[in-house]
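Report on the structure given below.
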Amino acid sequence: MFNHQSSTSRSCRSRTMANLVSTWSKTAQTLPENYIFPADQRPGSFEIPLCQNIPVIDLSASHSKTVQEILHACQEFGFFQVINHGVSKDIIDDTMEVVKEFFNMPDEEKEIYYSIDPIKRCKVYTSGYDYANEDIHFWRDNLRHPCHPLDEWVHLWPEKPTNYRDVVGKYSLEVRKLSLRMLELIREGLGLEPGYFGEELTGDQLLSINHYPRCPNPSLTLGLPKHADADIMTVLFQGSVNGLQVFKDGQWLGVEPLPHAFVVNIGHQLQIISNGKLRSAEHRAVTNSREARTTIVSFISPCPDTIVEPAKSVIDTGVPRFRPFKFKDFFKFYEEKKRDPEAVLEFYKIKP
């Protein structure tokens, strides 16, 4: 029997799938109007140099040195790179290979995962969460899904490539271990009690794979606009192609891709927990006209109903700078205001 509803659903999905940048941009000679950012937000034609002062932390160094270096990087920059981190090069390389393979699959293979439903947990979409209502689109496609606990989510992940679930599952477990290890070092540096970053504060892990196709005019658009992350900690593998830029002291700094290194960003939650001692890093992704860029991002966040507030042991004056909130409420507000990171934190500050 002909299933009209199923056929209609497939037809709608096919039409929206056509919005994927990777679907239509292969032959694009010019940038569509709705991908051109306002003049004050564009990266421009001036090439941002790669910064040589961004902290690179060797996790195989002495424990006390590592704690000190990470804490300083979190206070001064809000981001750093880590090397000798314990995640095997083979796992990293295999994961980058399989996620690139996913985005290189024919459209009809990816179509089953395409969705603009904000509630759907495993999906492929383009630009931001609310494509239909965006004035300006971002030059990126995105695959994202939760991955902790792994056995609760892995069955929703893509079945193709056939080794996707196995390879990405191993990667997500290793990156989670690394994230918790770094949070433990930060906990020690801040003087928080043992076990502070337990399951309530770290129980949500989301994997986000960004694909930025070659762009006909990188000076006018962005892969991702300026923002800071809502989570506790973000761990990024940016592959070998430049594109990540971090905003510090009024200027953009290019973050050089180091072989098999991870870039770590401090999120808003850690800035709040530290009562402002640590800073969340504002960053963006630029595009290029030479080659596609693919990045793998792991977000560690509190569980939705977790109450987040400054840790009592870090409040020097006895006065917290931020009011308590449920993480799900914070995230909802963040989604409305994330293009203005300062406004997000300002809303939760306790006014004198």
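The values are calculated or read from the model by the stated rules, or taken from the named source; none is laboratory data. It should be emphasised that the depicted structure is a prediction, and the values quoted were computed from it without experimental measurement. In this analysis, Cβ positions are derived from the backbone assuming ideal geometry, glycine residues included, and neighbour counts consider all displayed protein chains. Ligands, DNA and RNA are excluded from the accessible area calculation, which covers all protein heavy atoms including side chains. Shrake-Rupley method; radii C 1.70, N 1.55, O 1.52, S 1.80 Å.
Tabulated results
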read-out	value
Scope segment 280-305; condition surrounded by fewer than 20 Cβ atoms within 10 Å (Cβ to Cβ) and under 21 Å from Asp231 (Cβ atoms); matching residues	Glu282, Arg284, Cys303, Pro304, Asp305
Per-region count, segment 5-41, residues at pLDDT 90 or above, assigned to a helix (DSSP H, G or I) and over 24 Å from the mean Cα position of the chain (by Cα)	2
Failed item, numbered, when Leu143 is tested on (1) more than 18 Å from Arg121 (Cβ to Cβ); (2) open to solvent by less than 10 Å² (accessible area, probe 1.4 Å)	(1)
Matching residues in segment 238-251 - criterion: being open to solvent by 10 Å² or more (accessible area, probe 1.4 Å), under 24 Å from Glu291 (Cβ atoms) and in a strand (DSSP E or B)	Leu244, Gln245
Hits in segment 150-164 (condition: open to solvent by less than 80 Å² (accessible area, probe 1.4 Å) and farther than 24 Å from His260 by Cα)	Trp153, Val154, Leu156, Trp157, Pro158
Search result, residues across segment 165-224 that are touching a Phe, Trp or Tyr at 6+ places or on another chain (Cβ under 6 Å), of a type outside the set (A, V, I, L, M, F, W, C), in a helix (DSSP H, G or I) and open to solvent by less than 30 Å² (accessible area, probe 1.4 Å)	Arg187
Test: residue in segment 152-164 that is in contact (Cβ under 8 Å) with a residue 60 or more places away in the chain, closer than 28 Å to Phe333 by Cα and either of a type outside the set (D, E, K, R) or assigned to a helix (DSSP H, G or I) (or both)	no
Some residue of segment 58-75 being surrounded by 15 or more Cβ atoms within 10 Å (Cβ to Cβ) and at pLDDT below 95	no
Verdict on Ile136 being under 25 Å from Pro225 (Cα atoms), open to solvent by 70 Å² or more (accessible area, probe 1.4 Å) and not polar (S, T, N, Q)	no
Unmet criterion (only one of (1) more than 20 Å from Ile83 (Cβ to Cβ); (2) out of contact with any strand residue (DSSP E or B) (no Cβ under 6 Å at 6 or more places or on another chain); (3) of a type outside the set (Ser, Thr, Tyr)) for Glu174	(1)
Residue list for segment 155-171, restricted to those being of a type in the set (D, E, K, R) and closer than 16 Å to Tyr113 by Cβ	Glu159, Lys160, Arg165
Per-region count, segment 306-337, residues under 20 Å from Gly191 (Cα atoms), basic (Lys, Arg) and loosely packed, with under 15 Cβ neighbours inside 10 Å	1
Residue list for segment 88-103, restricted to those being within 15 Å of Val175 (Cβ to Cβ) and either open to solvent by less than 10 Å² (accessible area, probe 1.4 Å) or at pLDDT below 95 (or both)	Ile92, Thr95, Val98, Val99
Near pairs, Cβ below 8 angstrom, 6+ apart or cross-chain, from segment 16-45 (under 16 Å from Pro218 (Cβ atoms)) to any residue that is among the basic types (Lys, Arg) and assigned to a loop (DSSP other than H, G, I, E, B)	Val21/Arg140; Ser25/Arg214; Ile36/Arg42
Index of the failed condition, Phe347 passing every other in (1) without any contact (Cβ under 8 Å) to a residue 24 or more places away in the chain; (2) crowded, with 21+ Cβ neighbours inside 10 Å	(2)
